[in-house]
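A short worksheet on the structure shown next.
The values are calculated or read from the model by the stated rules, or taken from the named source; none is laboratory data. None of the values given here were measured: they were computed from a predicted structure. All Cβ positions, even for glycine, are placed from backbone atoms using ideal geometry, and neighbour counts span all protein chains on display.
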């Protein structure tokens, strides 16, 4: 594990050396997170992107919503919701799902502004997302596009936690079981009517709190157990 | 404001006292919230950014525990817990999740800032629900007693006498005769149905006798034409001000265009005179059922008067019961006059609300006769006549027949001491539904007239059987728990959803009866002789059956619900409607609604703990 930490640290230093001045460099300069510490003590940031599709090569981020979790409390004072001004017209599909029209989006910020704020907020924290592959892929792609490099992001995926939990109990996983909405129902969490990046980020943060609360509270729960 | 936080804001906006905040402030407030998930059994004080927080329950439920780890309250969705936000800081309360719970937390400092800006919120938040409840009861009593009676009594409440008037062409002599006949100091003078003037004692003196005017002249010669009038909906205080300003002592009272009576300065001053002492005195002098019936018509006014002078619901109960008991005694005296003295000793007993001294102007009658064991078969008719005379008389006086037939009129409840003892032991030893229903009537019992020893003999034997009789108490508890408070899981009132009383709350059966039932069980369990609900709760406080906190909370809840009920009835009586128990929550202020919910919550909690104590769920 120590080797792994070292190599992780080495990778970061390598990246830091070539990183351009700006947000990505600030992010990489923050202290490395101790993977053995109790998950309760870790600063987390729950993130959700709404995207125009599933392919980070072709599709783009429509909006980003995120909120901090500190010592088991979701802090709405940190809640952010940014719309990304599109370079191309929105496809009809995403309009239907996210109800974001070109008019709304044109009032948004540039991708660079949005990612820059996000990287600042994320420095020293672990990202939380539901089905984190999407967020990871789009964030990495955006960083490459904007800064030429992308940091590695430590991530907790609430969907993966749920999947492991169900598998360990030999529960058959049916279609839809792992959707945010259905998992929240399982933990008795309220239903949110709205479907947007910030609401989903808050919903994911609540789900993680419920998942952690249902684990053995007598033991220390090291962060690495949760990381992807 | 992020439109995305709107759902959270909208939820918070419904939770008192935040419902008092303008939207702009709510938007700022939402930005200061934290969200936490509390596992079942965990305390709200564990973890989180800030331990001194107020909590809004978003989903789930939370139980409140006192210092001695006694459960004293439960919170559900939309409720607020200030358990960790006490400015005094000496109350060691603990709030624990009873199921997995999602809470919104706000730092106490943020709350204190809101409170500084919004005094209404301060009043609401001063204490946790149960303590808040106690304050609400106290302040409503204070408010009522601080406000002078004349300030809040409409004239229509004061002019009960019939209108005494005379035609404007009648002679002065006839007017004088009429005034003497009715014992009044003034007359209204009418011209073809319309008020044309007023005539007082003083007018007679100064405008007729002093100047030697003939008494045969028509009254319009000496009356004061077009007198100053006052509307029946005006407050007594306004009438007094008018009299003082114009230096007059009589004011015709009008309802729209129509004259309906006269109010005099003496009426206003003597307002306090119409009390229960006065009424009971006339009852003792009544010589017939008819005159008792007349007197009993004053009972609704009595109830009104007590409430408007700041009396509590308990005062109303005691005063009305004093009157009904005086009527019962007078009826018994009248019956003994009619049918001769009783052949053997007996006791006339009151059961139910009359025994508990909790009657209101429309209570029904529950009673019975305990007759000495010496009674012979040929004595039975005398008691049957007595019972019919008294029960019929009470019915005529507005204390209507008991729908369950629990009356001395029914031979079943007109029995010897021996039979009554057998009844009681039977109910205790075979607690089936019918006997439990009867127990709830006849375990509240008091002698109204006759030989008290007959009842105390029975109760002595019964009390040793009931005290700590777990099985009987468990059955009584299960029976009592059938009356549930009308509070839904989503902190809303569950209203009656059909029939004449659609969208109302039944304050009696859903609010008072559960408390009355519990008080009876505490009294039976502890072998207490107390019969009134408040006395039972006071005496049982600190016993194994009922904690001091529990007793105080129930007493507050009882007083609050009773008060809302008598006030509701007072409103109906003022409007000339007959009084009932069905209150629409829409008639309550938001604050009153919140207090009523708190009261129901206390009842729910206490029912829960009673049910646990006797495992009532198993029956």
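Side notes on the structure shown:
- Set B:590, B:565, B:571: member being farther than 19 Å from residue B:522 by Cα and without any contact (Cβ under 8 Å) to a residue 40 or more places away in the chain: B:571
Matching residues to (1) part of a strand (DSSP E or B); (2) outside the structural domain of residue B:156 (by TED's automatic domain parsing); (3) under 21 Å from residue B:285 (Cα atoms); (4) touching a helix residue (DSSP H, G or I) at 6+ places or on another chain (Cβ under 7 Å):
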| position | (1), (2), (3), (4) |
| --- | --- |
| B:316 | no, yes, no, yes |
| B:329 | no, yes, yes, no |
| B:332 | no, yes, yes, yes |
| B:347 | yes, yes, no, yes |
| B:358 | no, yes, no, yes |
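- Qualifying residue in region A:155-178 (condition: under 24 Å from residue A:19 (Cβ atoms), modelled with pLDDT of 90 or more and assigned to a loop (DSSP other than H, G, I, E, B)): no
- Region A:191-228, residues that are over 27 Å from residue A:51 (Cα atoms), in contact with a strand residue (DSSP E or B) (Cβ under 8 Å, 6 or more places away or on another chain) and outside any helix (DSSP H, G or I): A:220, A:221, A:222
- Among residues of region B:92-119 that are on the phi > 0 side of the Ramachandran plot, none has a beta-carbon under 8 Å from a residue that is surrounded by fewer than 23 Cβ atoms within 10 Å (Cβ to Cβ) at least six positions away or on a different chain.
Each row is one residue, and each column tells you yes or no for (1) at pLDDT below 85; (2) under 25 Å from residue B:473 (Cα atoms); (3) surrounded by 17 or more Cβ atoms within 10 Å (Cβ to Cβ).
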site	(1), (2), (3)
B:571	yes, no, no
B:577	yes, no, no
B:583	no, no, yes
B:594	yes, no, yes
B:601	no, yes, yes
B:605	no, yes, yes
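Here's the yes/no breakdown for (1) closer than 18 Å to residue B:599 by Cβ; (2) surrounded by 23 or more Cβ atoms within 10 Å (Cβ to Cβ):
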{"position": "B:456", "(1), (2)": "no, no"}
{"position": "B:474", "(1), (2)": "no, no"}
{"position": "B:486", "(1), (2)": "yes, no"}
{"position": "B:505", "(1), (2)": "yes, yes"}
{"position": "B:523", "(1), (2)": "no, yes"}
{"position": "B:526", "(1), (2)": "no, no"}
{"position": "B:529", "(1), (2)": "no, no"}
{"position": "B:540", "(1), (2)": "no, yes"}
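- Residue within region B:217-224 that is at pLDDT below 85 and in the same structural domain as residue B:164 (by TED's automatic domain parsing) present: no
- Test: residue in region B:3-24 that is at pLDDT below 75 and either farther than 23 Å from residue A:44 by Cα or not in a loop (DSSP other than H, G, I, E, B) (or both): yes
- Filter result for residue A:228 (more than 17 Å from the chain's Cα centre (by Cα), surrounded by fewer than 15 Cβ atoms within 10 Å (Cβ to Cβ) and more than 10 Å from chain B (Cβ to nearest Cβ)): no
- Here residue A:112 passes the criteria (1) within 12 Å of chain B (Cβ to nearest Cβ); (2) assigned to a helix (DSSP H, G or I); (3) more than 20 Å from residue A:69 (Cα to Cα) except the one numbered (1).
- Hits in region A:73-97 - residues which are out of contact with any helix residue (DSSP H, G or I) (no Cβ under 7 Å at 6 or more places or on another chain) and either away from chain B (no Cβ under 14 Å) or at pLDDT below 55 (or both): A:87, A:88, A:91, A:92, A:93, A:94, A:95, A:96, A:97
- Residue list for region A:190-202, filter: touching a residue at least 40 places away in the same chain (Cβ under 8 Å) and either within 7 Å of chain B (Cβ to nearest Cβ) or surrounded by 15 or more Cβ atoms within 10 Å (Cβ to Cβ) (or both): A:196, A:197, A:198, A:199, A:200, A:201, A:202
- Residue B:263 being buried (at least 18 other Cβ atoms within 10 Å of the Cβ) and modelled with pLDDT under 85: no
- Residue selected from region A:49-58 under the condition touching a residue at least 60 places away in the same chain (Cβ under 8 Å) and crowded, with 17+ Cβ neighbours inside 10 Å, by the criterion nearest to the other protein chains (Cβ to nearest Cβ): A:50
- Meets criteria (within 9 Å of another protein chain (Cβ to nearest Cβ) and modelled with pLDDT under 85) for residue A:187: no
- Residue match in region A:133-144 (condition: at pLDDT below 90 and more than 14 Å from chain B (Cβ to nearest Cβ)): no
- Selected residue (only one of B:67, B:49 is away from chain A (no Cβ under 12 Å), surrounded by fewer than 18 Cβ atoms within 10 Å (Cβ to Cβ), in contact with a strand residue (DSSP E or B) (Cβ under 9 Å, 6 or more places away or on another chain) and modelled with pLDDT under 85): B:67
- Which numbered condition residue A:188 fails, given (1) in a loop (DSSP other than H, G, I, E, B); (2) within 17 Å of the chain's Cα centre (by Cα): (2)
- Test result for residue A:46, under 20 Å from the mean Cα position of the chain (by Cα) and within 14 Å of another protein chain (Cβ to nearest Cβ): yes
- Evaluating residue B:426 against the criteria (1) in a helix (DSSP H, G or I); (2) within 28 Å of residue B:315 (Cα to Cα) leaves one unmet condition, (2).
- Within region B:273-298, considering residues that are at pLDDT below 80 and part of a helix (DSSP H, G or I), the one surrounded by the most Cβ atoms within 10 Å (Cβ to Cβ): B:276
- Residues in region B:187-214 that are more than 48 Å from the chain's Cα centre (by Cα) and surrounded by 15 or more Cβ atoms within 10 Å (Cβ to Cβ): B:207, B:208.
- Selection within region B:529-553 - touching a strand residue (DSSP E or B) at 6+ places or on another chain (Cβ under 6 Å) and in a helix (DSSP H, G or I): B:540, B:548, B:549, B:551
- All positions within region B:215-232 that are in contact with a helix residue (DSSP H, G or I) (Cβ under 9 Å, 6 or more places away or on another chain) and either loosely packed, with under 12 Cβ neighbours inside 10 Å or closer than 15 Å to residue B:170 by Cβ (or both): B:215, B:216, B:217, B:218, B:219, B:221, B:222, B:223
- Note on region B:111-183: enclosed helices (runs of 4 or more DSSP H) holding 2 or more residues that are at pLDDT 55 or above, surrounded by fewer than 18 Cβ atoms within 10 Å (Cβ to Cβ) and under 29 Å from the mean Cα position of the chain (by Cα) are B:119-125.
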